[in-house]
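Q: Dropping a structure here in structure tokens format, bear with me for questions.
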């Protein structure tokens, strides 16, 4: 077998790494606009799914324009912040800030039956990476209408099940405030939720850490909207 | 090379056809089972996965084979892995740009092509000691051998598990539910992929003389 000097090995690996790096960064830059467009469409699809509207990659933008009638950004004192575009806000970045400094997007949708749904984004940590989604509330601001969750790299078959239809469907008609108007969020219960319970859903078997992360995400994100929800309830009366 | 052989000599043709039958990476060498279980619930991701592996394996085989005389043996495994990883990342980026839905379904398994033993095995066993053209044929042959099994498994799992082909409700259209048939939910679960692969191995072994072991 031919033998190679150490210098040769170093030079060889350096050249190889530089070529590979150049190739990969070019590919990443060229494909980025297309990928970002896909991510935007996916976000619109998630918002639509949270209000239980069937959609696909082709009609998502059209349906989004049809059903999402308004969107705005509020701060912790629930004042509207006009300089922000709700769709562009990254909930992940907002959740890293202290509660007073967060800019929180709200999407309002008018459905075909004339009812209004309020959609808020949620973002948190799963086991391996970020988990995120959208939660839609009825206009009483107590009952959930729907929810959809997504993840970047949870374990397929276990934690990754949070993006399935059956998991999201459990959240419909659950309540995030109790009778005394105390914020209770939604509990993910291992070993089966009590069907009578108003704020329990089944956790994912084998996905305990993802389920815990999701429960914490719902609590953290929805609680930042508490004041807004309560103000809206007063306005309703 | 003094004795140039034709591009498609019978030896080269064998490189293409053997992996489809007597040397199949999944059913005979039993490699790459992990991904075969995970992404064959539906036909579409199976096909995309098969195409991805064909691209990754054939290109890495050619690259490694072209460089084989320059690669220092002491770092050859690292070089092979770098080439495979580069190809896989490229495939992943392209899928994210042009087939976002499928890329979400395949999720981590595109990245896991890097660890697919078939690819590493072919680079080390074949490309390191053969010319680029034969390495290319070997790559195509082996990845198609892998892909064909994936597609067969994906076809049966989607048909029997969800009653659909490419998301089109076949069973509903031909009215098979009316006579009391129900979708087999077990088909959706990974163990069923193993059983289907087992059945394929059984059928293949009983029909191919070369594979029948003497007892």
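Derivation of every value follows stated rules applied to the coordinates shown; laboratory data play no part. Everything quoted here is computed from the prediction, not taken from an experiment. Glycine gets a Cβ as well: all are built from the backbone with ideal geometry, and neighbour counts include every protein chain shown.
Q: Pairs of Cα atoms under 8 Å, at least six residues apart: use those to get the relative contact order of chain B, whole percent.
A: Taking the mean separation of contacting Cα pairs over the length of chain B, I get 33 percent.
Q: Ok, one more. Could you put A:217, A:95, B:120 in order, starting from the residue whose Cβ has the fewest other Cβ atoms within 10 Å?
A: Exposure proxy ranking, most exposed first: B:120, A:95, A:217.
Q: Here is a further query. With only alpha-carbon atoms in the gyration tensor, what are the semi-axes of the equivalent ellipsoid for segment A:167-216, in Å, largest first?
A: 19, 12, 9
Q: A follow-up question, please. If I model a spin label at residue A:115 and residue A:234 as a point 7 Å from the Cα along the Cα→Cβ vector, what separation in nanometres do I get?
A: The two pseudo-label positions are separated by 2.6 nm.
Q: Something else about it: If you rank A:52, A:37, B:122 by fewest surrounding Cβ atoms within 10 Å, what's the result?
A: A:37, A:52, B:122
Q: Here's another thing I want to ask about it. So which residue, out of A:94, A:226, A:35, gets the largest mean-square fluctuation from a GNM of chain A using Cα contacts under 10 Å as springs?
A: In this elastic network of chain A, the residue with the biggest mean-square fluctuation among A:94, A:226, A:35 is A:35.
Q: Among A:179, A:116, A:66, which one moves the most in a GNM of chain A with springs linking Cα atoms closer than 10 Å?
A: Judging by the Gaussian network model, the answer is A:179.
Q: Sticking with this one: With the alpha-carbon atoms as the only input, what is the per residue convex hull volume for chain A in Å³?
A: Normalising the Cα hull of chain A by residue number yields 192 Å³.
Q: Sticking with the crude label model, points 7 Å out along Cα→Cβ, report the distance from residue B:183 to residue B:11 in nm, one decimal please.
A: Using points 7 Å along Cα→Cβ, the separation is 5.1 nm.
Q: Can you tell me the relative contact order of segment B:1-88? Whole percent, Cα pairs under 8 Å, sequence separation 6 or more.
A: 17 percent
Q: Report, to two decimal places, the Cα Rg of segment B:24-205 normalised by 2.2 N^0.38 Å (N = number of residues).
A: Scaled against compact globular proteins, the figure is 1.14.
Q: For chain A, what does -39500 (n - 2.57) per DSSP helix run (n ≥ 4), summed and divided by total residues, give at 222 nm, in deg cm²/dmol to the nearest 500?
A: -13500 deg cm²/dmol
Q: Also: Using a Förster distance of 60 Å, how high is the FRET efficiency between residue A:88 and residue B:20, based on the Cβ-Cβ distance and rounded to 0.05?
A: For residue A:88 and residue B:20, the calculated efficiency is 0.75.
Q: If I take R0 = 56 Å and measure r between the Cβ atoms of residue A:196 and residue B:213 in this structure, what FRET efficiency does the formula 1/(1 + (r/R0)^6) give, to the nearest 0.05?
A: For R0 = 56 Å, the calculated efficiency reads 0.40.
Q: Can you give the calculated 222 nm mean residue ellipticity of chain B, where each DSSP H run of n ≥ 4 adds -39,500 (n - 2.57) and the sum is split over every residue, rounded to the nearest 500 deg cm²/dmol?
A: Counting only the DSSP helices, I get -20000 deg cm²/dmol.
Q: Cut-off 10 angstrom, C-alpha nodes, Gaussian network model of chain A. Which of A:62, A:215, A:90 fluctuates the most?
A: Evaluated over chain A, the most mobile residue of the options is A:62.
Q: Grab the eigenvalues of the alpha-carbon gyration tensor for segment A:123-234, scale each by 5, take roots, and send me the semi-axes largest first in whole angstrom.
A: 24, 15, 11
Q: Something else about it: Relative contact order of segment A:56-199, please, whole-number percent, based on alpha carbon pairs below 8 angstrom and at least 6 residues apart.
A: 13 percent
Q: Something else: According to the Kirkwood expression over distinct Cα-Cα pairs, how big is the hydrodynamic radius of the protein assembly as shown, in Å?
A: 25.3 Å
Q: A follow-up question, please. Can you give the angle from 0 to 90° between the axis of helix B:132-162 and the longest principal axis of chain B, with both taken from C-alpha atoms, to the nearest 10?
A: 10 degrees
Q: While we're on this one: As a footprinting exposure proxy, order B:205, A:45, B:68 by other Cβ within 10 Å, with the fewest listed first.
A: The order, fewest Cβ neighbours first, is B:205, B:68, A:45.
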